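The values are calculated or read from the model by the stated rules, or taken from the named source; none is laboratory data. Small disclaimer: the values here were computed from a predicted structure and weren't measured. Neighbour counts are summed over all protein chains in view; Cβ atoms, including those assigned to glycine, are modelled from backbone coordinates with ideal geometry.
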Amino acid sequence: MNRLSLCATFVLATALSLPATALARREPQPRPAPTDTLRLTLDDALQRALTHSEEMRTARANVKQTQGQVLQAMSQALPQISGTILYDRKLQSLFSGMAADTGVFGAILKNSSFAATHAWTVNLTAQQLLWSGGKVGAALRTARAANRAARENERETASELKFQVRQTYYDAVYSQRLVEIAESTLEQARAHLSQVRSGRLEGSRSEYEQLRAEVDAANQEPGVVAARNGTSLALLNLKRLVDVRLEQPLLPITPLVARDGTVPVVTDLSTAVGQRPAVAAANHMLEARRLAVKLYRGQYWPDLYVSTDLSHVAYPSDPWPVRREFRRNWDAYVRIDVPIFNGLRTHGQVVEARAEYEKAKANRDLAQKGAAIEAAQARDEIVRSQTTLLARRETVRQAQRAWELAGVRFKNGMSTQIEVSDARLQLQSSEVNEVQAMRDYLVAIAQLERAVGHPLSVEHQPLEQFVPVSNPEGTH
């Protein structure tokens, strides 16, 4: 066995003798999941969504695209300047024999484009459009109107995204509150069970009452599990909107009710939708379609151009010329392009542009009506949820007092286990209804802001003191 074979055998044996763990260390390991909890306020959630969401990235790209269209339309009114450098290597020519003549005629052919072996041409061309029947101006105004529509669509996308984030954030906080209510109810049921068991040992409570208390406490456990599952689902939806990894723990920290006990109260329930970005975008698109009709109709008119062509030509004996070998040629032109007949293509474009204009007008009207209906519905929902919230708040107070009295009565032997269970169930139901009403109220405010296209005028008032705003008449 030669030395090369011995080395190969040694390397193979060494590799096979390595432990599996040593080889495994070289394999790429998956990135560990983050364990730090992300504490997210509502403002932070809105900022993350506006910065990282796919919808906003698409809207910004549309704006940039229309900006490019504006530049393209503007370029038609600016001078068009281009330059070319051409090298021609004559491999074979009909005039090669004539160029070999030593006479004057042969010398002329040898230094011309007919028989020169090497030819260099440096050309500079400039062209300016003088008149186009209004096509260039219409194209520029059309592109600018489309750009304004794209910007308004970007604002509409941001408004829609803000509403979705707020709604999802409120859902997550609402779900967390449901978990707290369910856990509190379970704790109350277990505390009552402990009380009944103590009474059972003392002989003041029957076995039936203990069984009822045990069943009642056990029945609260599925509600806690269901509430926690609902919270997990709500947090997943929120993570998707704010661009947070699904395995990243997330904790919304902005409560439904402010820490000082105040809630936002809308002071102006006007439903005018003139500032709605979707309506403004529809108006700009309508203007763009109207200008597009003028653009295509302008194709019936001729175009007037003025241009110039400056050339330097050299026929050197060697491949690379020197400056003194170049000769100049400079021409100026005036050109009129007259459309005579193009197979009715222009007529078809005008017909299509007019149809697009009618569609844009219908879309504008549809956007206005849809925004007005959405604003009216959101306004009515604010009024309804305000009234419901006040009623739910009072119901919670009454249910809390009834639960306390039921506990005292049961402790003193004046009530039954059923009365205690009913009181606790009513308290839980009233607390859930109050949180639901608070969530609906905040979502209605966010929905009205989206519908009218601007922030609402609000005042923060204590929940126990604020007076619902009445539904104004004639605000459609």
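Tell me yes or no: at least one residue of the range 176-187 is polar (S, T, N, Q), surrounded by 17 or more Cβ atoms within 10 Å (Cβ to Cβ) and under 22 Å from Leu442 (Cβ atoms).
Yes, there is a match, as at least one residue in the range 176-187 is polar (S, T, N, Q), surrounded by 17 or more Cβ atoms within 10 Å (Cβ to Cβ) and under 22 Å from Leu442 (Cβ atoms).
Does any residue of the range 203-221 turn out to be touching an Asp or Glu at 6+ places or on another chain (Cβ under 6 Å), more than 20 Å from Val432 (Cβ to Cβ), touching a residue at least 24 places away in the same chain (Cβ under 8 Å) and not aromatic (Phe, Trp, Tyr)?
The answer is no; no qualifying residue exists.
Go through (1) within 30 Å of Leu91 (Cβ to Cβ); (2) assigned to a helix (DSSP H, G or I) and name the single condition Gln164 misses.
Only one criterion in (1) within 30 Å of Leu91 (Cβ to Cβ); (2) assigned to a helix (DSSP H, G or I) is unmet by Gln164, namely (1).
From the residues in the range 259-299 that are in a loop (DSSP other than H, G, I, E, B) and small (Gly, Ala, Ser), which one is nearest to Arg144 (Cα to Cα)?
Going through the qualifying residues, I end up with Gly274.
So Arg276 passes all but one of these: (1) of a type outside the set (Ser, Thr, Tyr); (2) without any contact (Cβ under 8 Å) to a residue 60 or more places away in the chain; (3) buried (at least 20 other Cβ atoms within 10 Å of the Cβ). Which condition number does it fail?
(2)
Give the residue, chosen from Leu344, Leu405, Leu390, that is on the phi > 0 side of the Ramachandran plot and either surrounded by 12 or more Cβ atoms within 10 Å (Cβ to Cβ) or without any contact (Cβ under 8 Å) to a residue 12 or more places away in the chain (or both).
The conditions single out Leu344.
If I ask for residues that are surrounded by 15 or more Cβ atoms within 10 Å (Cβ to Cβ) and either at pLDDT 80 or above or under 24 Å from Val435 (Cα atoms) (or both), which ones from the range 408-418 would you list?
Matches in the range 408-418: Arg409 only.
Somewhere in the range 65-85, is a residue at pLDDT below 90 and either aromatic (Phe, Trp, Tyr) or not in a loop (DSSP other than H, G, I, E, B) (or both)?
Scanning the range 65-85 turns up no residue that is at pLDDT below 90 and either aromatic (Phe, Trp, Tyr) or not in a loop (DSSP other than H, G, I, E, B) (or both).
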